[in-house]
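Colleague: Mind having a look at this structure? Questions to follow.
Read the figures in this text as sums done on the coordinates, not as results from a lab. Keep in mind the model is a prediction, meaning the values are calculated, not measured. Neighbour counts are summed over all protein chains in view; Cβ atoms, including those assigned to glycine, are modelled from backbone coordinates with ideal geometry.
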Amino acid sequence: MSHKSGTEQIKTISAIRLILNIQIETYNKMPIAFDLESLRKDHKCVNYFETGLWDPRTDVSSKKALSCGFDTVHCIEIRADWVDFGRDVYKKYIMEGRCNLYLDDSANMKNYLMTDVFNNKTMFFLDAHVDNNNIHNYKHKCPLFEELSAIKSIARKDNVILIDDLRVIKEAFPWGETSYGNIDFLQQIKETILTINKDYKFSTLDGYIKDDVLIAYI
């Protein structure tokens with residue numbers, strides 16, 4: 001019986017890790033399963049802002065947003081390769097001024113909200129998280145509280161807030177995020193949203209699985 005050399009074993013292990021990373025990323029960034037255009041109409045949203053682009057060559061939610069009636073679509077993404085792909089895939093919309101891509105950590109999201117555009121009602125879809133070992137330049141693996149703080153900083157207090165991946169957020173230390181301590185993430189998220197406007201109501205929408213997306217609305 002032949003045995004693989006040490007080099008071959010290392011290559012095999014590396015290949016397996018790559019496959020697992022792809023599977024994990026795909027698992028965590030599947031397309032939304034609800035009718036985005038109907039939601040936009042129901043809540044009279046003018047803009048769409050998403051954290052976490054993922055690979056725009058696939059059927060990602062930002063692509064769905066561009067097919068809807070939003071005046072402007074915004075997305076902040078920490079990975080330069082995906083932003084580069086997005087600038088190519090969304091070139092037509094970018095040239096028209098309808099699509100805006102920001103290469104940055106979504107913990108810095110506030111920097112991109114200080115314009116008159118966001119005087120109009122916006123649908124925020126919060127879906128940024130570090131789910132693989134290839135990303136190193138981040139402040140938090142799960143920057144939800146920084147993102148909510150950014151939304152709170154703008155004058156308008158009736159925006160629609162969607163938060164993806166409830167199946168993960170309900171677990172302790174989602175995506176290995178430990179900097180906030182052992183907190184109830186979902187409860188803390190709701191309490192934070194209520195500091196933006198005490199009249200927010202909460203429900204869920206279908207995503208990767210049923211009821212996987214939290215929606216906060218007035």
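Colleague: Please compute the length gained on full extension between Val117 and Asp211, using 0.36 nm multiplied by the number of residues separating them and subtracting their Cα-Cα distance.
Modeller: Numbers: separation 94, 0.36 × 94 = 33.84 nm, distance 3.05 nm.
Full extension of this stretch gives 30.8 nm more.
Colleague: Relative contact order for the stretch 29-88: what is it in percent, counting Cα pairs under 8 Å that are at least 6 residues apart?
Modeller: Working: 71 pairs, mean separation 23.4, N = 60.
Taking the mean separation of contacting Cα pairs over the length of the stretch 29-88, I get 39 percent.
Colleague: Within the set of other residues whose C-beta is less than 11 Å from the C-beta of Leu103, count the net charge using Lys and Arg as +1 and Asp and Glu as -1.
Modeller: Numbers: positive: Arg79, Arg87; negative: Glu77, Asp81, Asp84, Asp104, Asp105.
Its environment carries a net charge of -3.
Colleague: Below 8 Å, C-alpha to C-alpha, sequence gap of six or more: please give me the relative contact order for the stretch 31-217 in percent.
Modeller: About 21 percent, as a whole number.
Colleague: Would you work out if the stretch 31-217 is rounded, prolate or oblate? Take a ≥ b ≥ c from the square roots of the eigenvalues of the alpha-carbon gyration tensor; rounded if a/c is under 1.5, else prolate when a/b is larger than b/c, oblate otherwise. Please list the in-between numbers first.
Modeller: Details: a/c = 1.42, a/b = 1.13, b/c = 1.25.
Rounded is the answer for the stretch 31-217, as its axis ratio a/c remains below 1.5.
Colleague: I've got another one for you. Fewest Cβ neighbours within 10 Å first, please rank Thr72, Thr58, Thr122, Thr115 accordingly.
Modeller: Details: Thr72 19, Thr58 13, Thr122 24, Thr115 10.
Placing the least packed residue first, the sequence is Thr115, Thr58, Thr72, Thr122.
Colleague: Ok, one more. Tell me the net charge near Trp175. Cut-off is 11 Å between Cβ atoms, Trp175 excluded, with +1 for each Lys or Arg and -1 for each Asp or Glu.
Modeller: Numbers: positive: Lys141; negative: Asp131, Asp165, Glu171, Glu177.
Computed value for this residue: -3.
Colleague: Related question: Where the only charges are on Cβ atoms (+1 Lys, Arg; -1 Asp, Glu), what is the dipole of the stretch 47-136 about its Cα centre, to the nearest 20 debye? Don't jump to the answer; show the numbers that get you there.
Modeller: Values: 10 positive and 14 negative charges, 57 e Å.
I would put it at about 280 debye.
Colleague: Turning to a different aspect of this structure: Test of understanding: what is the full-extension gain from Lys201 to Ile154, defined as 0.36 nm times their sequence separation minus their Cα-Cα distance? Can you show the working numbers first?
Modeller: Working: separation 47, 0.36 × 47 = 16.92 nm, distance 1.93 nm.
15.0 nm is the gain from fully extending Lys201 to Ile154.
Colleague: What's the local net charge at Lys157, with K and R +1, D and E -1, over the other residues with C-beta under 12 Å away? Provide the component values of the computation, followed by the final result.
Modeller: Working: positive: Lys121, Lys152, Arg156, Lys198; negative: Asp158, Asp199.
Every neighbour counted, the sum reads +2.
Colleague: Additional query: Sequence neighbours fewer than 8 away in the same chain don't count; with that in mind, list the aspartates and glutamates whose C-alpha is under 20 Å from Lys198.
Modeller: Glu146, Glu147, Asp158, Asp184
Colleague: To continue, here is another question. May I ask you to derive the FRET efficiency for Ala80 and Asn182 from their Cβ-Cβ distance with R0 = 35 Å, giving the value to the nearest 0.05? Could the numbers behind the result be given before it?
Modeller: Values: r = 33 Å, r/R0 = 0.95.
It comes to 0.60.
Colleague: To continue, here is another question. For each pair in Lys63/Lys152; Lys63/Lys139; Lys91/Lys157, compute the distance between the two Cα atoms and list the pairs where it is over 30 Å. Don't skip to the answer; put the middle values down first.
Modeller: Working: Lys63/Lys152 26 Å; Lys63/Lys139 27 Å; Lys91/Lys157 32 Å.
In this structure, Lys91/Lys157 lie more than 30 Å apart at Cα.
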